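What follows is a set of notes on a single structure, which appears directly below.
The values are calculated or read from the model by the stated rules, or taken from the named source; none is laboratory data. Small disclaimer: the values here were computed from a predicted structure and weren't measured. Counting neighbours? That spans all protein chains shown, and the Cβs are built from the backbone with ideal geometry, glycine included.
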Amino acid sequence: MSTDLRLNNKPYTVYAAERRSGRRWLRVLVMSVVLLFGLVLAAAGGTYLWLNWKMAPTHQDPNALTIDSILHATTSSAGGTATTLEPPNTQNILVLGSDNRENEGEKYGRSDTLMVVHIDREQDFVSILSIPRDLRVEIPGHGVQKINAAYAIGGTALSIEAVQQATGIDLDHYVNIDFDAFRQLTTELGGIYVDVDRRYYYKGLDYEIIDLQPGYQALMGENALDYVRFRHDGNNDFGRIQRQQRFLRAAKEQISKLDAVVKIPSIVDLVAQNVKTDLTTAQVLRLALWGARLGGGRIEQVDLEATTADIGGASYVLVSDAAMKRAVQDLFTPPEATTRATTTTSTGEQGAGSAGTSSTEAGSGGTAGTTATSLEKVDLTGITVDIRNGNGRSGEAAAAASWLRSMGAKVGTVGDASSFDVANTRIVYPSDHKGAAKLVGRAVGITRLNADSSVVNVSLVLGKDFVPPTSFKGVLTIDDLPDKGEYKALRTLSGLPMVAPSYLPDGYKRKDSRMYEIDTGDGPKKAVKVIYRYGNEDQYLGLMATAFTDAPAAAAGETLTVGGTVYTVVSFGGKVDHIWWKRDGVLFWVSNTLSSLVDREEMLKVATGMVPVP
């Protein structure tokens, strides 16, 4: 049986199929360690000799001569892709993530992660191609198997051969990192703060018992590894990829803090114990100096298109020759320059390193649905409009009525539609009133018109996408919201000022909440996590409130001022990760789903539509 990998009924591109999250956290781990090495050299004279001595164990692979011979062999498979496309002055580094559990009789352990890191110092970029661990390939001398079997059979040397043969990429160096490095490094650093979107629970084998609670928290050691490796839900490996992406983004930001410098000696010891590489200390340091100034927009993850198939009772990932060649070509192609500016408030409270401010009205921009900026002032004199509320939000029918009256329309009846689950605002009109319906459509910013002989007047049915003009909005209170009881209870029991969403994207319903304390360097801080699930999928929108006001989640980003409140939109790869703001001594933020299902405008509508809980 062969199937396309899909999510939300859309084709699933296997970014680093199987364990991109692991590959992505390894990238951060490698780059972070490299940058820390650079900090060591900057700290004191003569440190190079100490570092070179400490790094000696990383070069002591028993198969070093074999590995060196394989790395220097010219790859000619895959039509010579690498040699025909690869520019001069570049390096291709194979990064392996291995896990060798004690008392399991494994010589080499398991290679859960394989990725090729392409470094181009001439064109100033880094790109990463993750290889699915279940990729069906010909392993030199051992027949057709999953590519991760190469490591179990022949360690690093055979993995290098298998990757070179499968991709046609001429590899120059390798870095092999044991998962113990991840466990120990995250513990040594005191954990990485991550917003866990929901509870993760699994009780399987003894070494796979997982129980992570939702909410913003410092993950370290086994808990951190559990988070990035969890796969027991409806998202399968795609969800694991997204969790690892979140962890990597957080780690990249937090691991570079200055307080990590004092831990450099122990970090270097951990690296020496858990990393094997043919890179010399000098090469690592040169990469450190170059990588320290490399902007995030110059680091790119390459997509690999794939399908899955059950063959002989085993599940494989299949990649066509054409798809592999496209991925390799993308690996060698510089990313497009990113020009979107990052802004901050004039007080500097929202993050460092940028200047200037920008403002917007809630719901501005975009082309789908109705928005405040898409509404047009037209002459509706002589037109009677009936209004039906189909989104369940209190006050919006009255606001729409006021807006239409301001243009001369006569409002007939105002009431509720047959359902509060109407997604898209629409206009229903008698067949002989099409012209009037078009004018009303221009006034409310929609083109969805339906003729219906059963109606007498033009009828405006408000959907969840409706955004009335700001000046005509009614003032909502917590008592207008369906979850008022739950939020009032959270406010009372937690002791934190709370807000509740007056708007949620279609399909999201409240799933759970948690009150707890976040362990910080300044002691425990109160926190509340509220979770909204998308349909029956394992995709969760989150609302966080915490007294931990200087949490790393309050990162720099695009700032917008709405109703006197400054909102910071933090995005990665062109998609919104979360939007945060501060009010009444509390840090709030709305977090996107793992798969970033909610677009920027919808996220803004959720964040700016919050109602205070008295």
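A few remarks follow.
Condition check ((1) buried (at least 17 other Cβ atoms within 10 Å of the Cβ); (2) aliphatic (A, V, I, L, M)) across all residues:
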| residue | (1), (2) |
| --- | --- |
| R388 | yes, no |
| A397 | yes, yes |
| R405 | no, no |
| G412 | no, no |
| H433 | yes, no |
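- Some residue of segment 441-462 being of a type outside the set (G, A, S), under 20 Å from T608 (Cα atoms) and touching a residue at least 12 places away in the same chain (Cβ under 8 Å): yes
- A Cβ distance below 7 Å, combined with a sequence gap of six or more or placement on separate chains, defines the contacts here; from segment 306-331, residues that are in contact (Cβ under 8 Å) with a residue 24 or more places away in the chain reach residues that are basic (K, R) and surrounded by 13 or more Cβ atoms within 10 Å (Cβ to Cβ) in the pairs Y316/R136; Y316/K146; V317/R136; L318/R136.
- Residues in segment 257-283 that are surrounded by 15 or more Cβ atoms within 10 Å (Cβ to Cβ), within 21 Å of L189 (Cα to Cα) and aliphatic (A, V, I, L, M) were compared, and the one that is modelled with the lowest pLDDT is A260.
- Subset tally (residues that are touching a Leu at 6+ places or on another chain (Cβ under 7 Å) and farther than 29 Å from G234 by Cβ) for segment 534-557: 5
- Restricted to segment 127-153, and to residues there that are hydrophobic (A, V, I, L, M, F, W, C) and assigned to a strand (DSSP E or B), the residue that is nearest to D61 (Cα to Cα) is I139.
- Listed by position, the strands (runs of 3 or more DSSP E) inside segment 511-614 whose residues that are closer than 21 Å to A250 by Cβ number at least 3 are 525-534, 540-546, 565-572, 575-583, 586-591.
- Hits in segment 555-571 (condition: in contact with a helix residue (DSSP H, G or I) (Cβ under 6 Å, 6 or more places away or on another chain) and surrounded by fewer than 21 Cβ atoms within 10 Å (Cβ to Cβ)): V562
- Test: residue in segment 494-501 that is assigned to a helix (DSSP H, G or I), more than 21 Å from the chain's Cα centre (by Cα) and at pLDDT 95 or above: yes
- Within segment 415-440, the residues that satisfy the criterion of being over 14 Å from G392 (Cα atoms), in contact (Cβ under 8 Å) with a residue 24 or more places away in the chain and out of contact with any helix residue (DSSP H, G or I) (no Cβ under 6 Å at 6 or more places or on another chain) are R426, V428, P430, H433, A436, L439, V440.
- Residue that is surrounded by the most Cβ atoms within 10 Å (Cβ to Cβ), among those in segment 577-590 that are touching a helix residue (DSSP H, G or I) at 6+ places or on another chain (Cβ under 9 Å) and at pLDDT 95 or above: V590
- So T156, is it over 29 Å from the mean Cα position of the chain (by Cα) and either polar (S, T, N, Q) or not in a strand (DSSP E or B) (or both): yes
- Any chance V444 is more than 41 Å from the chain's Cα centre (by Cα) and buried (at least 21 other Cβ atoms within 10 Å of the Cβ): no
- Pairs, first over 21 Å from I478 (Cα atoms) and in a loop (DSSP other than H, G, I, E, B) in segment 388-414, second modelled with pLDDT of 85 or more and small (G, A, S), C-beta under 9 Å, six or more apart: M407/A443; G408/G382; A409/G382; A409/A401; A409/A443
- Filter result for K509 (surrounded by fewer than 16 Cβ atoms within 10 Å (Cβ to Cβ), in the same structural domain as S595 (by TED's automatic domain parsing) and of a type outside the set (S, T, N, Q)): yes
- Residues in segment 181-195 that are touching a strand residue (DSSP E or B) at 6+ places or on another chain (Cβ under 7 Å) and in a helix (DSSP H, G or I): 2 in all.
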